[in-house]
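The structure appears right after this line, and notes come after that.
The values are calculated or read from the model by the stated rules, or taken from the named source; none is laboratory data. Just so you know, these numbers come straight off a predicted model, no measurement behind them. Note that each Cβ is placed from the backbone with ideal geometry, even for glycine, and that neighbours are counted across all protein chains shown. When the accessible area is computed, the model is the full protein with side chains, heavy atoms only, and any ligands, DNA or RNA have been set aside. Shrake-Rupley method; radii C 1.70, N 1.55, O 1.52, S 1.80 Å.
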Amino acid sequence: MLMTGEQYIESLRKLNTRVYMFGEKVENWVDHPIIRPSINCVKVTYDLAQDPEYKDLMTAKSSLTGETINRFSHLHQSTEDLKNKVKMQRLCGQKTASCFQRCVGMDAFNSMFSSTYEIDKKYGTNYHENFKNFLKMVQTEDLVVDGAMTDPKGDRGLAPHMQKDKDLFVHIKERREDGIVVRGAKCHQTGSINSHWHIVMPTQAMREEDKDFAVAFACPTDAEGMYMIYGRQSCDTRKLEPNADIDLGNAQYGGQEALVVFDDVFIPNEYIFLAGEYEFAGMIVERFAGYHRQSYGGCKVGVGDVLIGAAALAAEYNGAQKASHIKDKLIEMTHLNETLYCCGIACSTEGYPTEAGNYQIDLLLANVCKQNITRFPYEIVRLAEDIAGGLMVTMPAQADFDSDLAVGRNGETIGEVCNKFFAAAPSCTTEQRMRVLRLIENICLGAAAVGYRTESMHGAGSPQAQRIMIQRQGNIEGKKALAKAIAGIK
């Protein structure tokens, strides 16, 4: 049964999730002013699924239960499903101008579904049935699940089993008849605190010596021994200031990252999806990364739509909208943004069925998509900042615009002075101009930059990780054969 947005928020209150921030435990993390905007973002994914206008895009028929479910918990059954995923992500980006945090779970579902099927095929394990039962519960209860892949890694030059501190990779500490005990941590975890459950996956390909690190499982977010340390963001403490709505830029929505620690967490057998079959760790990573790199062709494009609109408004409010160079910059921003969308749609269109039956994207095109994401948003941001002007980062605080403290010779207040000297075109008020400039600051430099600019570089793997996959998938030998044939080389 589909939850409403309000039901989602109330469901979080029932969890005993341990959250720490600024060196202290956060007791009421659901209503904490720094965390709540990220919860509001996830809420949008529930609200849109309830909206008749977006129902076809936001929901799907479950291949496991036959019931209508939120598309964020769906197993892709066709290339149309893959394309709808990208379209849904663009829509959510447009509605929030931030990271809505459910993509990692959706991508984990699809990669684990096909991977567990193939593990069972080789070893006769029961991982696929475990996973199907888990996903049925998630779909039926309409839960949010965080996909956890990135380990701290420690010394990158050493394999997991060679690390001085083994906890730098999540690993099996103890094996029992009824399950396993795991230790370690996952970092940069998007939406971890806002999730009901976590799916933990290996972070890289493994060798036999690393088999204790080749582990995948599900566990509730409030499992005993599990806790989160909230990652801070640029300008985050503005959310703690009274009457700072304008200064926030995006007062309602935001992203979230955290360090998730597994301090001897017990995982029952029914929630284990990999436990030592090390040769499949690379498959899980490759498939998850492919799906997640496809995701960026949707979510970042949606946020880009908002940023382009904000830049156009800033030009209008500055009175510069008719300048040819402004028009050309907006054209370039649009061109770059739509190119990213093309990549997301292309890798979806070229998708194919896995042995398990769900659909996989074209891995080469997905990695090309993400490689472009590591570049184009930076240029879009540069152009947006160019159009906005320096006031975006030098304007006084909202408290100054609201101040009635007299400072001028004729009794002018600080607020009157600020509103006078920062007025621009008659098409807008000073406050409207300040609001759009703060929105641009938020997306380019502030809290939302975590979910747009910086995440465009490092989310779903570093640029070099994509280049390695492009090299593997690029079929250079096949291209050499084409050239030989045309050149007449035998």
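Between Glu177 and Ser234, the FRET efficiency from the beta-carbon distance, with R0 = 51 Å, is close to 0.60.
Modelled spin-label separation between Arg207 and Ala399, with each label point placed 7 Å from Cα along the Cα-to-Cβ direction: 5.7 nm. The radius of gyration of the Cα set in the chain, together with its Dmax, comes out at 24.0, 91 angstrom. Test of understanding: extend the Cα→C-beta vector of Asp245 to 7 Å, then name every residue of the stretch 383-397 with backbone N under 14 Å from that spot. Inside the label zone: nothing. Where both bridge residues fall in the stretch 91-247, DSSP classifies roughly 70% of the beta bridges as antiparallel.
Of the listed pairs Lys83/Lys370; Lys322/Lys420; Lys83/Lys479; Lys85/Lys370, which have alpha-carbon separations greater than 20 Å here? Over 20 Å apart, Cα to Cα: Lys322/Lys420; Lys83/Lys479.
With helices as the sole contributors, the chain gives -15000 deg cm²/dmol at 222 nm; each DSSP H run of n ≥ 4 counts as -39500 (n - 2.57), and the sum is divided by every residue.
Calculate how steeply helix 476-487 sits against the longest principal axis of the alpha-carbon atoms of the chain, using the helix alpha-carbon long axis, and give the answer as 0 to 90 degrees to the nearest 10. Helix 476-487 and the main axis of the chain meet at about 90 degrees. Calculated accessible area for the chain comes out at 42 Å² per residue, all protein chains present (probe 1.4 Å; ligands, DNA, RNA ignored). Could you calculate the FRET efficiency of Glu279 with Met137 from 1/(1 + (r/R0)^6), where r is the beta carbon distance between them and R0 is 30 Å, rounded to 0.05? The value I calculate is 0.55. Where the accessible area of the chain is counted over protein heavy atoms with a 1.4 Å probe, how much of it, in %, is carbon and sulfur? Ligands and nucleic acids excluded, carbon and sulfur reach 51 percent. Given a cut-off of under 8 Å on Cα pairs at least six residues apart, what relative contact order in percent is computed for the stretch 33-108? Relative contact order of the stretch 33-108: 33 percent. In the chain, the longest principal axis of the Cα atoms and the axis of helix 324-349 are about 20 degrees apart. With the highest mean first, a sort of the peptides 227-234, 432-439, 301-308 on other beta-carbon atoms found within 10 angstrom per residue produces 301-308, 432-439, 227-234.
Computed extension gain for Glu412 through Asp386, at 0.36 nm per residue and net of the alpha carbon distance, reaches 6.1 nm.
In terms of the mean number of neighbouring beta-carbon atoms within 10 Å, the peptides 49-56, 367-374 order highest first as 367-374, 49-56.
Ordering 339-348, 257-266 by mean Cβ neighbour count within 10 Å, with the highest value first, yields 339-348, 257-266. At an R0 of 45 angstrom, the distance between the Cβ atoms of Lys480 and Asp328 translates into a FRET efficiency of 0.65. The slack in the chain from Asn28 to Cys342, taken as 0.36 nm per residue of separation less the alpha-carbon distance, amounts to 108.9 nm. In angstrom, the C-alpha Rg and Dmax of the stretch 32-191 are 18.1, 55.
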